[in-house]
Amino acid sequence: MELAQRMLYLTVVGCLVACGDGPSSAPSVEELAGSYALDKESQVFLRDKRGYGSIPPSILRLNRDGSVAATSIPDAYTDGFGKGTGQFVSGVGRWKVEKSNFGYGVTLDIAQGGSMPPGIYHASSIHLSGRRAPYRIEMLLGDPDSRETLTYERHEG
């Protein structure tokens, strides 16, 4: 393969990996605000691949006023390595949409006081997928090269 062909190939493959299927422009607060629940495939992944037992309703609630309530989030997301201990954590704080290297995502600023470690969870690890609302929220577990994510889908409730 010639150098020009290789460069084009790497560009296309890189975009397929990095660009994903997310929105092409920043979604509005109105488009994103709502309640998102951990999808069935992610629940199976946690049980079969990460050893989680019973999985409680895991909900990410993005409110129109910029506040967020994260309820029963698998600790595999918060431990930095994507492994977890089979526990679930919860917290409250603020959220906003931000551009990242992978398109658009949600940044969470979790306050002290809950069981979820306080701090900033950046949009580079909380991707938005879907070209238009309703979007899905994908939380990256550990190493980006692993391509392991937990997917949250919009739901009523």
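Summary of values
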| read-out | value |
| --- | --- |
| Exposed GluC sites (Glu not before Pro) absent: longest stretch of the chain, with sites in DSSP loops and at most 10 other Cβ within 10 Å deemed exposed | 3-155 |
| Semi-axis lengths (Å, descending) of the ellipsoid that matches the C-alpha gyration tensor of the chain | 27, 19, 14 |
| DSSP-loop chymotrypsin sites (Phe, Trp or Tyr not before Pro) across region 64-157, with at most 15 other Cβ within 10 angstrom | F81 |
| Backbone HN-Hα couplings from phi across region 102-113 [Karplus 6.51/-1.76/1.60, Hz, Gly and Pro as x] | 10, x, 10, x, 10, 9, 10, 10, 8, 7, 5, x |
| Principal-axis tilt of helix 3-19 within the chain, Cα atoms, nearest 10 degrees | 20 degrees |
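Laboratory data are not the source of any read-out in this text; all were calculated from the coordinates shown. These figures come from a predicted structure and were not determined experimentally. Cβ: placed from backbone, ideal geometry, glycine included. Neighbour counts: every protein chain shown.
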